[in-house]
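First the structure, in the form of structure tokens, and then the observations on it.
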């Protein structure tokens with residue numbers, strides 16, 4: 001079979017499986033955005049360790065290394081680009097504000113405009129994620145030839161930050177009486193711009209990664225508790 005299937009790519013494959021499942025659930029008629037958030041958080045957990053696991057294999061061939069870089073970015077596009085957009089689609093389905101605009105003809109026109117703006121924000125977000133990941137692949141290949149070793153700085157906001165940003169926005173729904181749907185789509189637009197912005201961010205070390213994982217676990221628990229309480 002084409003491809004590689006050793007332990008260095010398992011987490012990347014798991015991330016893609018989680019993202020694909022989250023997309024299917026979010027786009028299904030009964031899919032709820034909070035279910036998609038759980039899959040997004042799991043993708044973030046896989047991404048936190050996939051690079052470290054891959055680098056532990058010292059005898060990787062150039063082909064294996066390049067394959068790992070490519071599938072990591074392809075998986076990230078699905079997990080942190082497409083999945084948040086699908087969660088946004090599910091959020092529009094359950095949004096009280098959008099539901100209220102479906103009763104008379106004038107409101108339906110207003111609803112169509114709002115939904116169109118929201119969809120444009122999601123499409124822009126996906127496009128920004130794709131451009132950033134493609135640019136990262138090209139520049140990473142050049143950097144490895146010149147410098148070697150692991151990257152110490154990121155240029156622009158990494159797409160993987162979506163794993164913490166969007167769950168935080170969804171958590172706001174549990175502490176505010178207002179519909180967070182507009183905030184979600186505004187965040188998607190701003191995050192997409194940040195993906196392509198030229199500012200530099202220091203790549204977190206192992207301690208920083210553990211802190212980010214702790215934040216992700218806290219978000220997972222809080223979303224789970226919030227959903228249980230609101231269902232109850």
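The values are calculated or read from the model by the stated rules, or taken from the named source; none is laboratory data. Predicted model, so just to flag it, every value in this text is computed and none were measured. Every residue, glycine as well, gets a Cβ built from its backbone with ideal geometry; the counts of neighbours run over all protein chains shown.
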Report task. Looking only at segment 76-97, count how many residues are more than 20 Å from the chain's Cα centre (by Cα) and part of a helix (DSSP H, G or I). Result -> 3
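Here's the yes/no breakdown for (1) in contact with a helix residue (DSSP H, G or I) (Cβ under 8 Å, 6 or more places away or on another chain); (2) assigned to a loop (DSSP other than H, G, I, E, B); (3) over 26 Å from residue 223 (Cβ atoms):
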| residue | (1), (2), (3) |
| --- | --- |
| 1 | no, yes, yes |
| 5 | no, yes, yes |
| 18 | yes, no, no |
| 23 | yes, no, no |
| 29 | no, yes, no |
| 44 | yes, no, no |
| 48 | yes, no, no |
Requested in this report: Could you check, for segment 53-65, whether at least one of its residues is buried (at least 21 other Cβ atoms within 10 Å of the Cβ) and in contact (Cβ under 8 Å) with a residue 24 or more places away in the chain?
Outcome: yes
Query raised in the report: What number of residues within segment 98-128 are at pLDDT below 80, loosely packed, with under 14 Cβ neighbours inside 10 Å and part of a helix (DSSP H, G or I)?
Result: 7
**Report entry** Restricting segment 66-75 to residues that are under 15 Å from residue 160 (Cβ atoms) and surrounded by 16 or more Cβ atoms within 10 Å (Cβ to Cβ), the residue that is nearest to the chain's Cα centre (by Cα)
**Finding:** 75
Report task. Please verify whether segment 158-173 includes one or more residues that are over 18 Å from the mean Cα position of the chain (by Cα), part of a helix (DSSP H, G or I), at pLDDT below 95 and surrounded by 18 or more Cβ atoms within 10 Å (Cβ to Cβ). Result -> yes
Query raised in the report: Which of the following residues is surrounded by fewer than 20 Cβ atoms within 10 Å (Cβ to Cβ) and within 17 Å of the chain's Cα centre (by Cα): 42, 49?
Result: 49
Requested in this report: Identify the single condition in (1) part of a loop (DSSP other than H, G, I, E, B); (2) free of Cβ contacts under 8 Å to residues at least 12 places away in the same chain; (3) surrounded by 15 or more Cβ atoms within 10 Å (Cβ to Cβ) that residue 179 does not satisfy, given that it satisfies every other one.
Outcome: (2)
